[in-house]
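The values are calculated or read from the model by the stated rules, or taken from the named source; none is laboratory data. Just so you know, these numbers come straight off a predicted model, no measurement behind them. Cβ placement follows ideal geometry from the backbone for every residue including glycine, while neighbour counts extend to all protein chains displayed.
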Amino acid sequence: MTPLDQKICQLASPERSVTEVASLAGCDRSHVYRCILRYGLTLKQRQKPAPRESAKNRILSLADGQRTSAEIAAQIGCSEKHVQNILRVHNAERLPRGAREGELNHGYRGGRIVDLDGYVLVSAPDGHPQARATGVIAEHRLVAEKSIGRYLLPTEVVDHIDGLHLHNAPDNLRVFDSNADHLRATISGQKPNWSPEGFAKMQIPSQIRPAYPRIDSYGQRRERGDVRLLQILLAASQLGIDSPYLLGTHHHLERAQIDYSEPTKIKHALVGLFPEWVKDHTL
């Protein structure tokens, strides 16, 4: 046994690692390893880490058809694209393409959609004869049907007594047999509110009037979202912003950068954005 081997044997201990013995003996680790084999020395062994479950297996274990790839990626600590690739390659259960329904959709607004005319649309009951192709129906018609205990006829019209399209309380709705009856009761005797452009076009002889561009101020305001925004502001000012009939409307106010934190600010926005309407009506 060489003096170096003897020194290594003296330093060898289950409490010391190969690196520590090599450092104390002034030699390299390979010489210490040779002494371990030659003289049966026992030194401190480095513990092998417990095998980690592969990311692939963890992803597949979380794939239940309910979690999104983003949710799985956040839990695993990898990219969303990696999760999608693993799910596709292994044909794992995953969400179908397209938007999620109901409360699982990030754009969910309490199940209520306000259309460009300021009317509320909700999911139609199964088998409803007047459900639209998209599966929705006007909320005010559903409320009226519940009040009268039957389906409305397509020709029947539901009117909002206070003029607020969002206010779908049963006592604020009345049913007319036809649109003619509805117009007769609501606008009979009123002076038409023509725009200056529309009134000027009416002065043109009828035989050449079709050659002039069509003037559709309502259609233009509707496409801009002004008709919907006006209805939301009117309902907010009269019913209060926390009214259940304003559910699903706040994001339209935020998009228009309207501060609705106080009633006075709502009325200020109404006057500022729709002065012509305010001039002809009483708030």
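See the values below:
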{"item": "From SER54, SER79, SER30, residue being loosely packed, with under 11 Cβ neighbours inside 10 Å, under 26 Å from GLU93 (Cα atoms) and free of Cβ contacts under 8 Å to residues at least 12 places away in the same chain", "result": "SER54"}
{"item": "Criterion violated by LEU253 - all others in (1) in a strand (DSSP E or B); (2) under 22 Å from LEU273 (Cα atoms); (3) hydrophobic (A, V, I, L, M, F, W, C) satisfied", "result": "(1)"}
{"item": "Residues that are modelled with pLDDT under 90, under 17 Å from PRO244 (Cβ atoms) and not aromatic (Phe, Trp, Tyr), drawn from the range 104-119", "result": "ARG109, GLY110, GLY111, ARG112"}
{"item": "Only listed residue being out of contact with any Gly (no Cβ under 8 Å at 6 or more places or on another chain), on the phi > 0 side of the Ramachandran plot and of a type outside the set (A, V, I, L, M, F, W, C), chosen from GLY163, GLY198", "result": "GLY163"}
{"item": "Leading residue by the ranking (surrounded by the fewest Cβ atoms within 10 Å (Cβ to Cβ)) among those in the range 1-19 that are in a helix (DSSP H, G or I) and under 60 Å from the mean Cα position of the chain (by Cα)", "result": "THR19"}
{"item": "Qualifying positions in the range 198-219 - aromatic (Phe, Trp, Tyr) and surrounded by 11 or more Cβ atoms within 10 Å (Cβ to Cβ)", "result": "PHE199, TYR218"}
{"item": "Lone qualifier among ARG222, ARG228 - being modelled with pLDDT of 95 or more, among the charged types (D, E, K, R) and either surrounded by 13 or more Cβ atoms within 10 Å (Cβ to Cβ) or within 22 Å of the chain's Cα centre (by Cα) (or both)", "result": "ARG228"}
{"item": "Top-ranked residue of the range 239-257 - restricted to ones that are surrounded by 14 or more Cβ atoms within 10 Å (Cβ to Cβ) and more than 20 Å from the chain's Cα centre (by Cα), ranked as nearest to LEU173 (Cα to Cα)", "result": "LEU239"}
